[in-house]
Every structure is written in structure tokens, then in C-alpha cells.
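Take a look at the structure below.
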Amino acid sequence: MKDGVNGVALAVFIFFFLAVTVMGFLASRWRRAENENSLDEWGLGGRSFGTWVTWFLLGGDLYTAYTFVAVPAAIYAAGAAGFFAVPYTILVYPLIFTFLPRLWSVSHKHGYVTTSDFVRGRFGSKGLSLAVAVTGILATMPYIALQLVGIQAVLDVMGVGGGENTHWFIKDLPLLIAFGVLAAYTYSSGLRAPALIAFVKDTLIYIVIAVAIIYIPIKLGGFDEIFAKAGEAYAQTNPATGKPRGSLVPGEAGQWTYATLALGSALALFMYPHSITATLSSRSREVIRRNTTILPLYSLMLGLLALLGFMAIAAGIQVKNGQLAIPQLFETMFPDWFAGVAFAAIGIGALVPAAIMSIAAANLFTRNIYKDFIKPDATPAQETKVSKLVSLLVKVGALAFVLTMDKTVAINFQLLGGIWILQTFPALVGGLFTRWFHRWALLAGWAVGMLYGTIAAYGVASPTQKHFGGSSAEIPGIGEIGYIGLTAFVLNVLVTVVLTFVLKAVKAPEGIDETSPEDYTADAGDRGVSTELPKVGADTH
Amino acid sequence: MERKRPLDFPSITEVISEGTAIAMSDTPDATQGKQPTITPLRVVIALCLFAPFVAMLWVSSYARVEPLLAGIPFFYWYQMLWVLISTVLTMVAYKLWQLDQRARKGGDAR
């Protein structure tokens, strides 16, 4: 690491940061609606985004700064196992092609803002809806916190943030400023801010990756050289485990883990509230299907990005904290000004998802906790006010999380969050296709999945951690090592199916379904789905 | 591809994974009326969407170093190639789906 502050890189970074800040505040005027004081406007950007805006927004939302830092870091640390992110994002799109348009249609027809809104409407169960909402909020919070970890990594490498002895306030000041600004424009512009900033973020990312994937291999003597050096590095024994550090190709034992991680993560991704928020903000059902065919461009980028992990090894980057591997690689290989561009890409890459996530979590709280349990007669203006305030609280919470606790705590919770959020799949996706599942069975299945997932993750030890050392454990009955989230999900489905049979046999009350079959295929322009959204509330209580 | 009658639905669901079978039942059950739920076109759509799952979850089929492509081990370039293949497949599914919907909308006033 170079000593002191990298002035040129920092200047470029600050330039881009200021530019997006201005954009963030101006965003409130972009496509402004007559009535700003509704959750449809603030929290979903007026549900007006077309194919390209949605593409940038979803891309900016799903491929976060943490992804950019963590995926190559995983490759840097262990090799092939970290590459599961690529099959994971390949599988996501055929999967959402099947169910997301249905969610869009029913949400538009009934004015649903969150997944919990849908679950409540479909199953007539506030309890199940609350379970989905709480899971969503719990899973999102550490995710926001991790975006900060991404910014911190970049600031560290630029030499901002001081050494070990610096006063904590000076050390964290840049982060506080960045988040203060983010909080301010999210508050004023809502979802329009990240939608606009996403253009800058993704353009920068694409430029940086394109340059990195050509420029760095040339400097390092080609991919042959890079993989040869990486292979040697992985073969060396790790003193902590007594096993090789990693491998270029997953061995027999690692293949189950690889496949289950890819599948489980793919199933979980669109259960996250921020993915759904970006989806529901699109203008029509077609926009979503079309997006499933153009979003894979980001997967390609992710694959190329992952290769940077090998380059970091070949370039001889030595870092104690794996998260710093890629920022450090940029700093070492690129001229200062371009390193600044790359850092700006990562930094802004943290702001977009953090904004959307906080909006999504705030919407969940407002719609499914505040309105359902605290103030059922809240007006749209009051809902928006509460949502804005909660989005601030969520960000402050995430900041406190990162500043007061060890970074590994945020990472542990993020890992748990992925396992947890997958447990809402049966209620949401199941509910989109069939009303066969019983609401109480779904709730029981969710509880079992959550419990099993948490306990199993707690029991995973690694050389550095006694608990939460990883996300894979032995699959009971199969004996292979697999992703805990997926095992918990299978358990969840089994419990749900068995209990549904039982509950139907004893004729337990089914709850009222406010949706009808044609709601799931309605498109913009159809009757009742046009610009006027029906007021929810009156008919749901 | 053999033409399936609506009654074959359950057996087909067992063969094809839940995720893709679901894709075929995107019309409300009530409107089945004259048109069968499963048509050859929809089977093709389902296969397009299902293929990436088979390819990617069958890890042992691609967990090897050789052959290298421009110095990159097979394991990596093969999966990146699948990003492109799955994109094309999803696009085909999307186009076929539009065809299917247009045919249906023309057929009955939904």
C-alpha cells in the first residue's frame, strides 16, 4: 500500500461523488408527478420506468459495491468456489421470467407496494404478511451495512481514513459525510434518486471492467501467466487449516456446495425487498420480461470482474483483509487518475443499492407494520412521511452497525439474511401460482426454515470464527456439503405441504383471497390497471 | 415434439422442474376452455428456460481445466459462455411467449 493519501485518485473520486450528489437532489424533478405525497411516487418512482431505466435500476440494485469487492475477494482467497456467483446470476433470469410478471400484474391491479402487501391480500393473513415483512427488513439491514464496508475499502486504499491511531471521528468522517448526503437525497427524491444515479454508476463500472480486463492481463503477461501463478498460490498449504488454500477447479467434494449455493442464491435474490421495489417501479409487464433478456449483460460483467481475483494473486497483491484485494489491485496497476475512476465506480456502486434498500425496508415497515398494526387509517401522505423517516432510521442503524461492531458481524448477518429471505419463497412465489397452500402451513414452514437455517449457520466453524464460519453444512440424509439456505428451504416446503394437507382435512379457515385469476395476467392498459391505481385499504380490512 | 393434452399436465410437471412448469400455466385456469394449457410451443418455452438449470447445476460436467481458451481454464470460460447461451434462450422464450399470447388473445377475448 502506498503511504499517505493518493491525491489524484481522491480528487477524481470527489468529483464523481459531487456530480452524483447534484443528480440525486435534482432527481426529484425528473418525471415529477402532480401528487408527490404517495408511496407510489416516493417509493416506486411513480411506477413509470421503462425498459432502460429499469435495466439500469435493477442492475445498479442487484450488483452492489459489496458484490464488486466480495466476489473477486472470494476468488482471491479460495479460487473456484467463489465463482458460483456466475451460475447464480445465470439461473436468476429464467427463474424470474416465470413469476415476476405475475407479481407485477397483481401488484398493479391492487396497488401493492411490497411483497407482504401481496401475501396479505392473497392469503388474508396479517400474521403471514408480518412474517414476510420482518424477514425482509432483517435481511436488508446488514446488506445496507455491507455497502458501507465497500466504501470503507475504497477509502482505506486511497489513504483516507487514517491509520490505527487516528481519532475515530476523523477516521469515519468521510463515511459519515457520504452517508449523510445519501440519506438527504433519498429523503427528498425517493426512488428517483438511485434510478438516475444508477446511470452513472453502471456506465463507470462497465468502463472500468472493460479497461481492467484488457489492460491488466497485458501488464501481467497474459491469462496463461495469471492462471499459472494463481494455480501455484492455491496449491500452497494454508497453515490455519492444513489444506491447500484453494483450487482452480472445484473438487469432487466442492461440487454440491457450488451447485446448491448457485441455486439457493438464485431462488433468494428476488425475495429481497429491494429487488421487488425496483421491479414494481417499472411501467409494464413487458418491461420486466424484456429485462430478463438484457439483464444477463451484468452477469457477463460479474464473470469478468471475478477474474480480477486471479489477477490480484498474479500481481502479487498481499492484503490481510481480502476485501481490499481489488481496490489495491486497481491502485497498483492503474495510473492514479483511472484508479480514481475505478474507486468512484465502487463508491457510487454502494450508494445506489443502499438507497433502494433503505426505501424498500421503509416501505415494508410502513405498509405492513405501521399501517396494518399501528395506524390502519393512515392516509397516503402519512404513509409517505413515515416511509421517509424510516428510510433515514434504517440508514442510521446500518451506519451504527458498521461503526460500532466488527465488520464480521455485518458479514455474518448478511449470510444469515440470505438464508432467511429464501424462506419467504413458498408464500410469495407459491402464492403467485396457487392458492392451494394453507396460510398457517406457510407460516409454520417459514418458522421451521428460519429456525433450522439459523441453528445450522451458527454451528459452522471456520479457522477464524467459531460460529457463522460459512454458509454450507452437511445436508441431512444426503451427507454432502450444501448451502444451508437451500436445505432450510426444502424443509420449509415439506412442512408447508404436509401441514396444508392436515389443515385442509380439519377444515381450518382459509382466509379471504382478494385477488382473482385474471389479476395475475393483467397488463398496463387493461381495465383497472391503467394510470389510476385503486386505493387499497378500504377493501382489505 | 408430441402434442400434449391438458390432462397430461401433472405428469409433465414431474418431469420438468417446478419453476419451468409454472411458466406454462401463466394463463388463468378458468380460461382454459377451448385451448389446451400445454401446447408444443409452451413445451419449447419451458425447455428454453429449464436448460440453464441442467447445464449449471451439473457441475461435474464442467469442473476441469482443459481445454484452455486464451489461457483461461475451461471451468471459467464455459460458464461465461453459458451467460450468452442462457441469454439467447431467454430471448427465444420471450419471443415465443409473445407469439403464444397474441394467438390466445386473438382466440378468446380475455
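In segment A:1-18, which residue that is open to solvent by 40 Å² or more (accessible area, probe 1.4 Å) and among the small types (Gly, Ala, Ser) is modelled with the highest pLDDT?
This residue is A:ALA11.
Being touching a residue at least 12 places away in the same chain (Cβ under 8 Å) and in a loop (DSSP other than H, G, I, E, B) is the filter here; which residues of segment A:479-500 pass it?
A:GLU480
Starting from residues that are at pLDDT below 90 and hydrophobic (A, V, I, L, M, F, W, C), keep the ones in segment B:69-110 and report whichever is farthest from B:PRO52 (Cα to Cα).
Per the criteria, the residue is B:ALA109.
For residues that are of a type in the set (Ser, Thr, Tyr) and within 9 Å of chain B (Cβ to nearest Cβ), scanning just segment A:74-90, find the one that is surrounded by the fewest Cβ atoms within 10 Å (Cβ to Cβ).
So in segment A:74-90, the residues of a type in the set (Ser, Thr, Tyr) come out as A:76, A:88-89.
So of that shortlist, the ones also within 9 Å of chain B (Cβ to nearest Cβ) come out as A:88-89.
Details: A:TYR88: 22, A:THR89: 26.
It comes out as A:TYR88.
Could you please give the count of residues in segment A:63-72 that are open to solvent by less than 10 Å² (accessible area, probe 1.4 Å) and away from chain B (no Cβ under 14 Å)?
Matching residues across segment A:63-72 total 4.
Looking only at segment A:91-143, filter to residues that are among the β-branched types (Val, Ile, Thr) and farther than 21 Å from A:THR54 by Cα; which one of those is surrounded by the most Cβ atoms within 10 Å (Cβ to Cβ)?
Step one: of segment A:91-143, the residues among the β-branched types (Val, Ile, Thr) are A:92, A:96, A:98, A:106, A:113-115, A:119, A:132, A:134-135, A:137, A:140.
Now narrow it down to the ones that are farther than 21 Å from A:THR54 by Cα: A:119, A:132, A:134-135, A:137.
Details: A:VAL119: 27, A:VAL132: 31, A:VAL134: 18, A:THR135: 25, A:ILE137: 21.
Looking at the filtered set, the residue picked out is A:VAL132.
Quick check on my filter: what residues within segment B:37-67 are over 30 Å from B:ASP100 (Cβ atoms) and among the basic types (Lys, Arg)?
Here is the first cut: in segment B:37-67, the ones over 30 Å from B:ASP100 (Cβ atoms) are B:59-67.
Of everything in segment B:37-67, just one residue is over 30 Å from B:ASP100 (Cβ atoms) and among the basic types (Lys, Arg), namely B:ARG64.
Kindly evaluate A:GLN423 against the criterion of being at pLDDT below 80 and not hydrophobic (A, V, I, L, M, F, W, C). It would help to see each step written out before you state the result.
Working: at pLDDT below 80: no; not hydrophobic (A, V, I, L, M, F, W, C): yes.
The answer is no for A:GLN423.
Just give me the residues in segment A:427-460 being of a type in the set (Gly, Ala, Ser), surrounded by fewer than 17 Cβ atoms within 10 Å (Cβ to Cβ) and part of a helix (DSSP H, G or I), in sequence order.
Narrowing segment A:427-460 to residues of a type in the set (Gly, Ala, Ser): A:427, A:430-431, A:441, A:444-445, A:447, A:449, A:453, A:456-457, A:459.
The next check asks that each one be surrounded by fewer than 17 Cβ atoms within 10 Å (Cβ to Cβ); those that pass are A:447, A:459.
Matches in segment A:427-460: A:ALA447 only.
More than 12 Å from every other protein chain (Cβ to nearest Cβ) and charged (D, E, K, R), is that true of A:ARG289? Break it down stepwise before answering.
Details: more than 12 Å from every other protein chain (Cβ to nearest Cβ): no; charged (D, E, K, R): yes.
So A:ARG289 does not fit the description; no.
I'm checking my understanding of the structure. Among residues of segment A:169-205 that are among the β-branched types (Val, Ile, Thr) and farther than 14 Å from A:TRP30 by Cβ, which one is surrounded by the most Cβ atoms within 10 Å (Cβ to Cβ)?
Step one: filter segment A:169-205 for residues among the β-branched types (Val, Ile, Thr), giving A:170, A:177, A:181, A:186, A:197, A:200, A:203, A:205.
Remaining after also requiring farther than 14 Å from A:TRP30 by Cβ: A:170, A:177, A:181, A:186, A:203, A:205.
Working: A:ILE170: 10, A:ILE177: 11, A:VAL181: 17, A:THR186: 28, A:THR203: 13, A:ILE205: 24.
Residue satisfying both the conditions and the ranking: A:THR186.
For segment A:212-222, give me each residue that is of a type in the set (A, V, I, L, M) and open to solvent by less than 50 Å² (accessible area, probe 1.4 Å).
Correct list: A:ALA212, A:ILE213, A:ILE216, A:LEU220.
Collect the residues in segment A:483-501 that are of a type in the set (A, V, I, L, M, F, W, C) and in contact with a Ser or Thr (Cβ under 7 Å, 6 or more places away or on another chain), keeping them in residue-number order. Write out each step before concluding.
First, pick out the residues of segment A:483-501 that are of a type in the set (A, V, I, L, M, F, W, C): A:484, A:486, A:488-491, A:493-495, A:497-499, A:501.
Correct list: A:ILE484, A:LEU486.
Within segment A:383-435, work out how many residues are free of Cβ contacts under 8 Å to residues at least 60 places away in the same chain, charged (D, E, K, R) and in contact with a helix residue (DSSP H, G or I) (Cβ under 8 Å, 6 or more places away or on another chain).
0
Which condition from (1) crowded, with 23+ Cβ neighbours inside 10 Å; (2) touching a Gly at 6+ places or on another chain (Cβ under 8 Å); (3) within 14 Å of chain B (Cβ to nearest Cβ) is the one that A:PHE227 breaks?
(1)
Quick one: what pairs do we get from segment B:54-83, first residue at the interface with another protein chain (Cβ under 7 Å from one of its Cβ atoms), second among the charged types (D, E, K, R), C-beta under 6 Å, 6+ apart or different chains?
Cβ pairs passing all conditions: B:GLY71/A:ASP224.
For segment A:232-266, what are the residues that are assigned to a loop (DSSP other than H, G, I, E, B), surrounded by fewer than 23 Cβ atoms within 10 Å (Cβ to Cβ) and within 12 Å of chain B (Cβ to nearest Cβ)? Give the steps one after another, and end with the answer.
Filtering segment A:232-266 down to residues assigned to a loop (DSSP other than H, G, I, E, B) leaves A:236, A:238-243, A:245-246, A:248-253.
This time we only want the ones that are surrounded by fewer than 23 Cβ atoms within 10 Å (Cβ to Cβ), so: A:236, A:238-243, A:245, A:248-249, A:251-253.
Across segment A:232-266, the qualifying residues are A:LEU248, A:VAL249, A:GLY251, A:GLU252, A:ALA253.
Provide a single number: the residues in segment A:495-538 that are closer than 22 Å to A:THR114 by Cβ, of a type in the set (A, V, I, L, M) and either surrounded by fewer than 17 Cβ atoms within 10 Å (Cβ to Cβ) or at pLDDT 85 or above (or both).
Number of matching residues: 2.
Could you give every pair whose Cβ atoms fall below 6 Å, whose first residue belongs to segment A:90-109 and is closer than 12 Å to A:SER282 by Cβ, and whose second residue is among the basic types (Lys, Arg), counting only separations of at least 6 or pairs across chains?
Matching pairs, first to second residue: A:PRO101/A:ARG285; A:PRO101/A:ARG289; A:TRP104/A:ARG285; A:SER105/A:ARG285.
Do you know which of the residues in segment B:84-96 that are within 7 Å of another protein chain (Cβ to nearest Cβ) and open to solvent by 10 Å² or more (accessible area, probe 1.4 Å) is farthest from A:PRO87 (Cα to Cα)?
Our first condition is that a residue be within 7 Å of another protein chain (Cβ to nearest Cβ); within segment B:84-96, this holds for B:86-87, B:90-91, B:93-94.
Applying the additional criterion that residues be open to solvent by 10 Å² or more (accessible area, probe 1.4 Å) yields B:87, B:91, B:94.
Values: B:THR87: 12, B:MET91: 18, B:TYR94: 21 Å.
Of everything passing the filter in segment B:84-96, B:TYR94 is farthest from A:PRO87 (Cα to Cα).
May I ask you to verify whether A:TYR215 is touching a Ser or Thr at 6+ places or on another chain (Cβ under 6 Å) and more than 29 Å from A:PHE99 (Cα to Cα)? Explain how you work it out, then say what you get.
Numbers: touching a Ser or Thr at 6+ places or on another chain (Cβ under 6 Å): no; more than 29 Å from A:PHE99 (Cα to Cα): yes.
For A:TYR215, the condition - touching a Ser or Thr at 6+ places or on another chain (Cβ under 6 Å) and more than 29 Å from A:PHE99 (Cα to Cα) - is not met.
Since B:THR20 meets every condition but one in (1) in contact with a Pro (Cβ under 9 Å, 6 or more places away or on another chain); (2) assigned to a helix (DSSP H, G or I); (3) at pLDDT 50 or above, which condition does it not meet?
Here B:THR20 clears every test but (3).
Looking at segment B:44-63, is at least one residue surrounded by 15 or more Cβ atoms within 10 Å (Cβ to Cβ) and not in a helix (DSSP H, G or I)?
yes
The values are calculated or read from the model by the stated rules, or taken from the named source; none is laboratory data. Small disclaimer: the values here were computed from a predicted structure and weren't measured. Here Cβ is always computed from backbone atoms with ideal geometry, including for glycine, and neighbour counts include all displayed protein chains. Calculation scope for accessible area: heavy atoms of the full protein, side chains included, ligands and nucleic acids excluded. Shrake-Rupley method; radii C 1.70, N 1.55, O 1.52, S 1.80 Å.
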